[in-house]
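In what follows, a single structure is set out as structure tokens and then discussed.
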Amino acid sequence: QVQVVESGGGLVQAGGSLRLSCAASGRIWRISSMGWYRQAPGKQRELVATIASAGSTNYADSVKGRFTISRDNAKNTVALQMYSLKPEDTAVYYCNADVSEFLISATRGYWGQGTQVTVSS
């Protein structure tokens, strides 16, 4: 009953910037945490950044200082602004939302289908 959709991926040169967006929709009562994860071919999915409803953030060491996560609680959206991109940032980026649905107290995670980010040297 909840859908998560990412957008904004693409091809960019090293040192460039991209902004990823994600929107959650459906029978949403509240969303506690939203975040971005990425997965390169042959590697495990890894955390990039998360943000709680109150605004606290968490970043992977590899992106800290270059990426910024933000959210709009009223619109159930989250964004990832990426600066100074490196070839090693190349991956499929996935949006995650920890959602409490209408009349359901427990939360569970929902994933988007991913958006490709490719950084050329």
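The values are calculated or read from the model by the stated rules, or taken from the named source; none is laboratory data. Quantities reported herein were computed from a predicted structural model and do not represent experimental measurements. Cβ atoms come from the backbone with ideal geometry, glycine included; neighbour counts cover every protein chain shown. We work out accessible area using only protein heavy atoms, side chains counted, and drop any ligands, DNA or RNA first. Shrake-Rupley method; radii C 1.70, N 1.55, O 1.52, S 1.80 Å.
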Pick out the one residue from THR115, THR50 that is touching a Leu at 6+ places or on another chain (Cβ under 9 Å), within 26 Å of GLN1 (Cβ to Cβ) and crowded, with 19+ Cβ neighbours inside 10 Å.
THR115
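Pull up segment 79-100, narrow it to residues that are of a type in the set (Gly, Ala, Ser) and within 18 Å of GLN113 (Cα to Cα), then point me to the one that is surrounded by the fewest Cβ atoms within 10 Å (Cβ to Cβ).
Ranking the candidates gives ALA79 first.
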If I filter segment 1-44 down to residues being basic (Lys, Arg) and in contact with an Asp or Glu (Cβ under 8 Å, 6 or more places away or on another chain), which single residue comes out as nearest to SER120 (Cα to Cα)?
ARG38
Any chance you could count how many residues in segment 60-78 are touching a residue at least 40 places away in the same chain (Cβ under 8 Å) and either loosely packed, with under 14 Cβ neighbours inside 10 Å or farther than 21 Å from ARG45 by Cβ (or both)?
4
Go through (1) open to solvent by less than 50 Å² (accessible area, probe 1.4 Å); (2) among the hydroxyl-bearing types (Ser, Thr, Tyr); (3) closer than 21 Å to LYS43 by Cβ for SER121 and report which single condition fails.
(1)
Regarding segment 80-88, can at least one residue be identified that is free of Cβ contacts under 8 Å to residues at least 60 places away in the same chain, over 27 Å from THR107 (Cα atoms) and out of contact with any Cys (no Cβ under 6 Å at 6 or more places or on another chain)?
yes
